[in-house]
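Take a look at the structure set out below.
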Amino acid sequence: MELDTRKFKILQAIIKNYLETGEPVGSRTISKYTDLNLSSATIRNEMADLEELGYIIQPHTSAGRIPSDKGYRLYVDQMMSEKEEELNNREREVIELKEFLSEKVEKVEELLQDTAKLLANNTNYTSLISTPKYFKSLKFIQLSQVESGKLLCVVVLQGNVIKNKIIDLNKELDTETILKLNILFNNTLNGLTMEEINLALISRMTAQAGEHTELVRTILDVVAQALSGDDDLKIYTSGTTNIFKYPELSDSAKASELICTLEEKKLLTNLLVDKEHSEGKGIQIYIGAETPIQTMKDCSVVTATYELEDGVSGTIGIIGPKRMDYEKVVENLKTVKEQLDAVFKK
C-alpha cells in the first residue's frame with residue numbers, strides 16, 4: 001500500500017521531530033508541527049495506520065511513536081529523489097574544502113586522514129575513509145636474474161600497482177630460459193583476476209614448464225599473493241567519541257561494541273565489500289539491519305565512492321544514529337567525493 005499525501009506528511013513530521021529531539025513523538029506535537037490543520041484525533045488515527053503498516057513503532061505503552069527502519073527507508077528514498085538535482089547545483093558550505101584538499105594532495109594518506117577529521121567535525125558523527133582499492137587483475141610479469149641464485153619477480157596489477165619478490169633458485173637460469181618463462185606467464189595470465197586462474201590453467205602452465213615446474217609453481221604463488229592480498233588497504237576513522245552524543249548509541253554495551261568495531265577496523269571491510277557489489281557508485285544509505293555489520297544494527301551508514309581512475313577507487317562514509325541528519329550528511333559526502341575525484345584526476 002502506497003502512502004497518501006497526508007500520511008506521508010505526518011510520517012515526515014514524525015521523523016523530522018525525532019531527528020531533532022531523539023524523543024518519541026505524540027499526536028499533539030504533530031498537530032503543531034505540520035501545515036495540515038488536522039485535529040489530534042485525526043492524527044492519532046493516521047499514526048495508528050502508519051504503525052499498522054510498519055512505518056512507525058511505539059517503544060513504550062502510552063509513549064509517542066518513533067520511526068521504524070521501514071519509515072526511515074521511505075523518507076530517505078524520497079529525500080534522495082527530491083534532492084538529487086538540488087544537491088548537484090547547490091553552493092556547498094564545507095569549510096574551504098577545495099583549497100584544503102589541493103594543499104594536501106602530495107601526501108595521500110595525510111589527505112585521507114584529514115578528510116575523515118573534516119567530515120566528523122562537519123557532521124558530528126563518526127566518519128571513515130579507505131585508501132584506494134585496486135581491481136586486482138594482472139597487467140604483466142617481469143622476471144629477471146638480479147644476482148647469482150636470485151630471481152626477481154615483479155608483478156604489475158591494473159592501476160600500475162607493483163608487487164615484487166626475490167625467489168631463491170636451485171640452479172642458475174640462462175637468458176633464454178628466463179625469456180621463455182616471461183613469455184609463458186604473460187601470454188597465459190595477462191588480464192586475468194585471481195578467480196580466473198583456475199586449476200586447468202595452472203596444470204597447462206606446469207606441463208609446459210618441463211624441468212622448471214617447481215619454479216613455475218613458486219612464481220604462481222607470488223602472483224596469487226599479489227592478486228588476493230589486501231595488505232595495502234587501510235581504513236581511517238575519526239569522530240569515534242561522537243557516538244556518546246546520542247543516547248540511543250551511548251548505552252555502555254552498544255558503545256563498546258561500536259568502538260571495538262571502529263578501532264579494529266577489520267569488520268569495516270564488510271562495508272567496502274557490500275559497496276563493491278551494489279549497483280552504481282553513487283550515495284548508498286544503509287539503515288539499521290540493512291547495514292552489513294551486526295554491531296551497527298542501531299545505526300545508519302551513508303557511503304560514497306571516490307575514484308582515482310578506472311578500477312581504482314576508495315570509500316568514504318558516515319556512521320551515526322538512525323535519526324541522523326541525512327540531508328546534511330549526503331551534502332557533505334557528495335562534496336568530498338567530488339573534490340577528491342577532482343584532486344586525484346587533475
Whichever residue in region 110-125 is touching a helix residue (DSSP H, G or I) at 6+ places or on another chain (Cβ under 9 Å) and under 14 Å from G320 (Cβ atoms) and, among such residues, is surrounded by the fewest Cβ atoms within 10 Å (Cβ to Cβ): N124
Condition check for K7: buried (at least 17 other Cβ atoms within 10 Å of the Cβ) and of a type in the set (D, E, K, R): yes
Inside region 161-196, can you point out the residues that are surrounded by 12 or more Cβ atoms within 10 Å (Cβ to Cβ), more than 19 Å from E214 (Cα to Cα) and touching a Ser or Thr at 6+ places or on another chain (Cβ under 8 Å)? L192, T193, M194
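Yes or no, residue by residue, for (1) among the aliphatic types (A, V, I, L, M); (2) modelled with pLDDT under 75; (3) not assigned by TED's automatic domain parsing to the domain that holds I293:
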{"residue": "Y246", "(1), (2), (3)": "no, no, no"}
{"residue": "D251", "(1), (2), (3)": "no, no, no"}
{"residue": "S256", "(1), (2), (3)": "no, no, no"}
{"residue": "I259", "(1), (2), (3)": "yes, no, no"}
{"residue": "K265", "(1), (2), (3)": "no, no, no"}
{"residue": "L268", "(1), (2), (3)": "yes, no, no"}
{"residue": "K275", "(1), (2), (3)": "no, yes, no"}
{"residue": "S278", "(1), (2), (3)": "no, yes, no"}
Taking region 239-253 as the search range and keeping residues that are hydroxyl-bearing (S, T, Y) and free of Cβ contacts under 8 Å to residues at least 60 places away in the same chain, which one is surrounded by the fewest Cβ atoms within 10 Å (Cβ to Cβ)? S252
For region 26-57, give me each residue that is over 17 Å from P321 (Cα atoms) and β-branched (V, I, T). T29, I30, T34, T42, I43
List the residue pairs whose Cβ atoms are under 7 Å apart, where the first residue sits in region 181-202 and is more than 16 Å from T218 (Cα to Cα), the second is exposed (fewer than 15 other Cβ atoms within 10 Å of the Cβ) and not aliphatic (A, V, I, L, M), and the two are 6 or more positions apart or on different chains. N190/F140
Long-range neighbours under 7 Å by Cβ, at least six apart or interchain, first residue on the phi > 0 side of the Ramachandran plot within region 1-29, second of a type outside the set (S, T, N, Q) and part of a helix (DSSP H, G or I): G22/P247; G22/E248
The number of residues in region 135-160 that are under 18 Å from R217 (Cβ atoms) and buried (at least 18 other Cβ atoms within 10 Å of the Cβ) is 6
Within the bounds of region 209-220, is there any residue that is surrounded by 11 or more Cβ atoms within 10 Å (Cβ to Cβ), more than 24 Å from the chain's Cα centre (by Cα) and modelled with pLDDT under 90? yes
Which of the residues spanning region 30-49 are surrounded by fewer than 19 Cβ atoms within 10 Å (Cβ to Cβ) and among the hydroxyl-bearing types (S, T, Y)? Y33, T34, S39, S40, T42
Determine, yes or no, whether E211 is without any contact (Cβ under 8 Å) to a residue 12 or more places away in the chain and farther than 30 Å from E331 by Cβ. yes
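The values are calculated or read from the model by the stated rules, or taken from the named source; none is laboratory data. Remember, it's a predicted structure, so these values are computed and weren't measured experimentally. As a convention, Cβ positions derive from the backbone with ideal geometry for all residues, glycine included, and neighbour counts pool all protein chains shown.
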